[in-house]
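**Q** Submitted below is the structure of interest, expressed as structure tokens.
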Amino acid sequence: MDFRLLQLRLVSHVRARVRNGELSERALARITGISQPHIHNVLKGNRLLSPDLADQMLQRMRISLVDLLTAADAAAPPHQEPGDCPDCRMAALLDGWIGREYPYPQAASRQRYPFPAAALDSLDFPVAARLAPDPLRAPMFSGPGVVLLDCSEDVRRDPDEEGYFALDLGGGGTIAMVRLAMRHVYLWARHADVWQSIPLPDRRPLDVIQGRVSLVVRQL
């Protein structure tokens, strides 16, 4: 059994109770002590619960871990991967890490990573990737963790300046805001309050911009 799978099943369990009219988001926020905007984003699949908030929700809603198990889990031998939860979908996981000291991963591994189905429904080309620790990146994008990317060409060809993107810098990878200008890509670096220029004499922007960040899952 995987903790992230239990997290997703917890959200699925709570989402079903809200859909059935048993609870409103406002009542759920009052019971759990979690802000209503955060509850709304979790139920929509835009954010995941931290381990502390998941424990808080379990305790205050009197949900036991047994409630999140299925018959298939009970019957499966310990070494087997249990079935996915109803409201989860699997995304292909790239073979490698996104980090300045790692070559940008070019191919998907055989592994898959579960995300709330709502987080994947709006993406044309969802792909997951592991984040390596990087002190020069914002803490949110410094591993350990997994990032969900939309790798469609339309999103990469015309990047919006409000989003964050996975970038293949040749000698390594990073997560940053980007701007396009003629034959240059400008990226926003957290450690310097300026736009930094990346010349592209022999590379297309699509070779550098690999995907737009849709969701980040922090791992402890």
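**Q** Inside segment 9-62, can you point out the residues that are free of Cβ contacts under 8 Å to residues at least 60 places away in the same chain and of a type in the set (S, T, N, Q)?
**A** ASN20, SER24, THR32, SER35, GLN36, ASN41, GLN56, GLN59
**Q** Based on what the data block shows, is LEU167 over 20 Å from ASN41 (Cα atoms), more than 21 Å from the chain's Cα centre (by Cα) and not assigned by TED's automatic domain parsing to the domain that holds VAL11?
**A** On the way: over 20 Å from ASN41 (Cα atoms): yes; more than 21 Å from the chain's Cα centre (by Cα): no; not assigned by TED's automatic domain parsing to the domain that holds VAL11: yes.
Judged against the criteria, LEU167 is not a match.
**Q** Right, something else. So ASP168 passes all but one of these: (1) modelled with pLDDT of 90 or more; (2) touching a Leu at 6+ places or on another chain (Cβ under 9 Å); (3) of a type outside the set (Gly, Ala, Ser). Which condition number does it fail?
**A** With (1) modelled with pLDDT of 90 or more; (2) touching a Leu at 6+ places or on another chain (Cβ under 9 Å); (3) of a type outside the set (Gly, Ala, Ser) applied to ASP168, the lone miss is (2).
**Q** Please state which one of ALA16, ALA27, ALA72 is more than 30 Å from LEU131 (Cα to Cα), out of contact with any Leu (no Cβ under 9 Å at 6 or more places or on another chain) and modelled with pLDDT under 70. Step through it out loud before you land on a result.
**A** Numbers: ALA16 fails: modelled with pLDDT under 70; ALA27 fails: modelled with pLDDT under 70.
None of the other options fit; the residue is ALA72.
**Q** Exactly one of these conditions fails for CYS88: (1) touching a residue at least 40 places away in the same chain (Cβ under 8 Å); (2) out of contact with any helix residue (DSSP H, G or I) (no Cβ under 9 Å at 6 or more places or on another chain); (3) over 24 Å from GLY170 (Cα atoms); (4) not charged (D, E, K, R). Give me its number.
**A** Tallying (1) touching a residue at least 40 places away in the same chain (Cβ under 8 Å); (2) out of contact with any helix residue (DSSP H, G or I) (no Cβ under 9 Å at 6 or more places or on another chain); (3) over 24 Å from GLY170 (Cα atoms); (4) not charged (D, E, K, R), CYS88 fails exactly one: (2).
**Q** Would you please name the residue that is farthest from the chain's Cα centre (by Cα), looking only at residues in segment 115-134 that are of a type in the set (Gly, Ala, Ser) and farther than 29 Å from GLU101 by Cβ? I'd like the intermediate steps shown before the answer.
**A** Of segment 115-134, the ones of a type in the set (Gly, Ala, Ser) are 117-119, 122, 128-129, 132.
The next check asks that each one be farther than 29 Å from GLU101 by Cβ; those that pass are 117-118, 122.
Details: ALA117: 12, ALA118: 12, SER122: 14 Å.
The qualifying residue farthest from the chain's Cα centre (by Cα) is SER122.
The values are calculated or read from the model by the stated rules, or taken from the named source; none is laboratory data. Please read all numbers here as calculations on a predicted model, not as lab measurements. Don't worry about glycine lacking a Cβ; one is built from the backbone with ideal geometry, like all the others, and counts go over all protein chains shown.
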